[in-house]
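Inspection log for the structure reproduced underneath, given as structure tokens.
All of the numbers you see were taken from the coordinates with simple rules; none came from a lab. Since the model is a prediction, treat every value here as computed from it, not as a measurement. Here the Cβ positions follow ideal geometry from the backbone for every residue, glycine too, while neighbour counts run over all protein chains shown.
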Amino acid sequence: MSAPLLTKQIREQTIEHIRGEPRLFVCRHDGASQFFAFWKAYPSRRPHGNPRKPAQQAFETAIKRGIDHAAIIRGAENYRTAVEREGTEPRYIPHAVTWLRQERWSDHREVPEPPRLRVGMI
């Protein structure tokens with residue numbers, strides 16, 4: 001595309017935005033956005049390391065094998081809930097790549113039950 005044509009398109013898009021004309025936005029569900037949802041759901045190991053790139057590769061490998069990304073993300077959310085309820089120290093939270101390679105999302109299909117009330121808890 002030539003520069004004048006590109007400038008004209010940008011100007012027209014800006015005018016449409018200012019006028020408030022309806023525009024169609026496409027929400028993509030590609031592998032990167034799915035991994036981002038997983039990464040956001042997985043419990044933090046801070047101050048300990050948790051390498052992102054190998055985790056993303058393991059996530060993509062699981063998706064290619066036919067695992068539903070929603071099941072992985074739901075498992076990560078449930079695992080995070082369990083970690084928070086139990087007060088697990090960050091150093092005992094496995095690296096995300098390990099958690100994915102060992103298919104631990106299948107261990108956390110259901111939301112963990114809240115702890116039972118004991119005498120003196122209230």
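Backbone phi angles across region 68-75, fed through the Karplus curve with coefficients 6.51, -1.76 and 1.60 (θ = phi - 60°), yield HN-Hα couplings of 6, 4, 5, 5, 5, 5, 4, x Hz in residue order; Gly and Pro are listed as x.
Counted residue by residue at 0.36 nm each, then reduced by the alpha carbon distance between them, the extension gain from Glu89 to Val119 reaches 8.3 nm. Taking 0.36 nm per residue of separation and subtracting the current Cα-Cα distance, fully stretching the chain between Arg65 and Glu103 would add 12.5 nm. Loop-only trypsin sites (Lys or Arg not before Pro) in region 39-122, please: DSSP not H, G, I, E or B, and at most 11 other Cβ atoms within 10 Å. Within region 39-122, the qualifying trypsin sites (Lys or Arg not before Pro) (loop, at most 11 other Cβ atoms within 10 Å) are Arg65, Arg109, Arg116, Arg118. Here the spin labels are modelled as points 7 Å beyond Cα on the Cα-Cβ line, and at Lys53 and Glu110 they lie 4.1 nm apart.
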